[in-house]
Amino acid sequence: MTLNFNAFATAPRLLLEADLQPLQGTRFQPTGFPDLGAAVYEGPDGEQMLLVESAQSMANRLEVVCWDDNADDWVGPLKGLPLIKVSDKNGEPLTNSVLESHRINSPYILEGKDKSVFEILKSELAGMEEGRVDIRRLARVLMRLDTNALLHGVFLAKKELAGGRLRMPRAISAFIEARQVKVAASGGVKNDSVNPSGDTSKGFGNVPFARDEYVSPRITAYFNLDLAQIRASGLGNAANNLLTALALYKIRRFLDEGLRLRTACDLRLVELRATQPEHCEIPGREALEEALPGLIAECGELFAEPRITQVTYEK
């Protein structure tokens, strides 16, 4: 199937909003932060607001829904996209550039005895130790080795690589907020039927605890795709279309399958809409799944062969 990318050809951003609600009941558990707990804050109009899921967490969730753990490969429509896989010294799968926290800058890729990827980067990105960084050159290397990094963003923080200045901002970002939130206070107890008065510091005894969940009349997921940044990479229309379709597929799959954020935070999609460009039609998941293999094939000349760059990690 051919997708219509005309609406994205000149727009600087594609902005989407997804209305969500708890799958069952009314309560939900937000993300928590050390020494802070739930991120409750006052909005500009005085509303009590809550950060349900942070941009950092959402970036990782948009990757996870694209990966098939059982097959140790992309999900079906994305097969053929380049990536870097890491094996241990026994040849067993260890990690990969899609799931690693720092993606291609992962220490398992660049810090082990196997320096093959580091040498590729050093060779292909040489000559930028001084002066302006050539972002288009970086984009070509990422497209070839780890296409997904062009959407997720990357920071190659090594002095040997342009003095540690090679950065690609996220092209797709997301977060989830709730408005007019109220605390749903509850609690429980960890029961010890053998020794209720045992030493709780060692895990024994009955331990009562308080628990705060929240209710809200409006939970919204926000997605921002930087179309201008994708075009500025200078990779051509075929690559622009592929990256746009890949980003939309991540969003669609996350909203279909990735909304169980925590044990007590299982959400469902109510409505997805585009706020910029206005009246923009958002392709459905089936249309994207049908189109993506062809879009990947059109970009074959921009990819490494073989598509999987293999690295062995040893300290």
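Worth a mention:
- Förster radius 25 Å - calculated FRET efficiency between Ala297 and Ser116, Cβ distance, rounded to 0.05: 0.40
- Computed over the range 132-215, the ratio Rg/Rh where both radii use C-alpha atoms and Rh is Kirkwood: 1.40
- Fully extended contour minus Cα-Cα distance, from Val75 to Val40, at 0.36 nm per residue: 9.0 nm
- The GNM of the chain, with springs linking C-alpha atoms under 10 angstrom apart, assigns the highest mean-square fluctuation among Pro217, Pro30, Pro22 to Pro217.
- Residues whose placed amide H lies under 5 Å from that of Gly205, excluding near-sequence neighbours: Asn195, Gly198
- Database remark: amide H of Leu94 closer than 5 angstrom to the amide H of Val86, Ser87, Asp88 (H placed geometrically; neighbours at sequence offset of 5 or more, or on other chains; Pro and chain starts carry no H).
- Computing Rg and the Kirkwood Rh from the Cα coordinates of the range 271-315 gives a ratio, Rg/Rh, of 1.24.
- Computed Rg/Rh of the range 32-154, alpha carbon atoms with Kirkwood Rh: 1.08
- Scattering curve values for the chain, log₁₀ I(q)/I(0), Debye with Cα scatterers, q = 0.07, 0.15 Å⁻¹: -0.35, -1.22
- Sorted into 5 angstrom bins from 0, the C-alpha pair distances of the range 189-305 split as 2, 8, 13, 14, 13, 10, 8, 6, 5, 5, 6, 6, 3, 1 percent.
- Spacing of the modelled spin labels on Ser123 and Thr275, each 7 Å from Cα toward Cβ, amounts to 4.7 nm.
- Point-charge dipole on Cβ atoms (K/R +1, D/E -1) for the chain, about Cα centre, debye to 20: 480 debye
Taken together, the values in this text are just the output of simple stated rules run on the coordinates, not laboratory data. These numbers were taken from a predicted model, which means no experiment stands behind them. All Cβ positions, even for glycine, are placed from backbone atoms using ideal geometry, and neighbour counts span all protein chains on display.
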